[in-house]
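The values are calculated or read from the model by the stated rules, or taken from the named source; none is laboratory data. The shown structure was predicted, so the numbers you read here are calculated from the model rather than taken from an experiment. Ideal geometry is used to build each Cβ from the backbone, glycine not excepted, and the neighbour counts take in all protein chains shown. We work out accessible area using only protein heavy atoms, side chains counted, and drop any ligands, DNA or RNA first. Shrake-Rupley method; radii C 1.70, N 1.55, O 1.52, S 1.80 Å.
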Amino acid sequence: MPKFHYTALDQNGQETAGVIDAPNEADAVGQLRRGQLYPTQVVEEGRGDISKIKRAARSAPGKGKTKGTGPASGGAKVKSKVLMIFTRQLATLIDSGLPLLRGLTVLGRQEPNLVMKKTINTLAESVQTGSTFSESLQQFPKIFNKLYVNMVKAGELGGVLELVLNRLAEYQEKAQKLKNKIVAAMVYPIIVMVIAVGIMVFLMTVIVPKFEKIFEDMLGSRDKLPELTKAVI
């Protein structure tokens, strides 16, 4: 029977990792859920990269503080990649059956970006006091735009928050790929323009003055040069 390496969260939000025997991935996930575990990654042995799972197993007893070092600023910004990873991870946790508040608490504990960490912890506190997730997101307009907030609000009203978060993560991933393609496409013309400007500067500062001296030696005086040549020099 195939072996599946997994990382999962227990009822206290602590990360755990291990190996489970199951005929397929769906059955492995089912076994974990029946054991009150919420899987975040399940990989069949020999068919995927399990290095991350092994690292998680070595550091399984969750470390770090739940709360940030201070209140998050509503004017702070984070990179689109950081927001994309947060959205994908939260969607995965909720889809695994973990409550929203606990999912936010876990992500806040594990987030390496300090600004995002404070933001997540503030969101968790807001949700814990009775605010909806979409209302909590509105505190950070520089991080969560109107599209993001309205999509989450629609997901809450329709009871499909995990589906909406997955769609948002997919949208952000496609936008990031498009941005990377545009940046990559701009590199070549920028390099060509820089080289062209460098060559022009070299010609005008080094080559043209030498020709001026040659012409003066040939004609005996700079005044005998054609007006266009004088203008170029």
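Residues to consider are LYS213, LYS230; find the one that is at pLDDT below 85, over 30 Å from LEU104 (Cα atoms) and open to solvent by 80 Å² or more (accessible area, probe 1.4 Å). The match here is LYS213.
Look at LYS146 and say whether it is open to solvent by 90 Å² or more (accessible area, probe 1.4 Å) and closer than 17 Å to ARG88 by Cα. Lay out the reasoning, then the answer.
Numbers: open to solvent by 90 Å² or more (accessible area, probe 1.4 Å): yes; closer than 17 Å to ARG88 by Cα: no.
When the stated conditions are applied, LYS146 does not pass them.
Summed over the stretch 80-112, residues that are open to solvent by 50 Å² or more (accessible area, probe 1.4 Å), touching a residue at least 24 places away in the same chain (Cβ under 8 Å) and of a type outside the set (Ser, Thr, Tyr) total 7. So, THR119, is that one open to solvent by 10 Å² or more (accessible area, probe 1.4 Å) and hydroxyl-bearing (Ser, Thr, Tyr) or not? Against the criterion (open to solvent by 10 Å² or more (accessible area, probe 1.4 Å) and hydroxyl-bearing (Ser, Thr, Tyr)), THR119 does not qualify.
I'm checking my understanding of the structure. Among residues of the stretch 180-233 that are small (Gly, Ala, Ser) and within 54 Å of the chain's Cα centre (by Cα), which one is nearest to LYS81 (Cα to Cα)?
This residue is ALA184.
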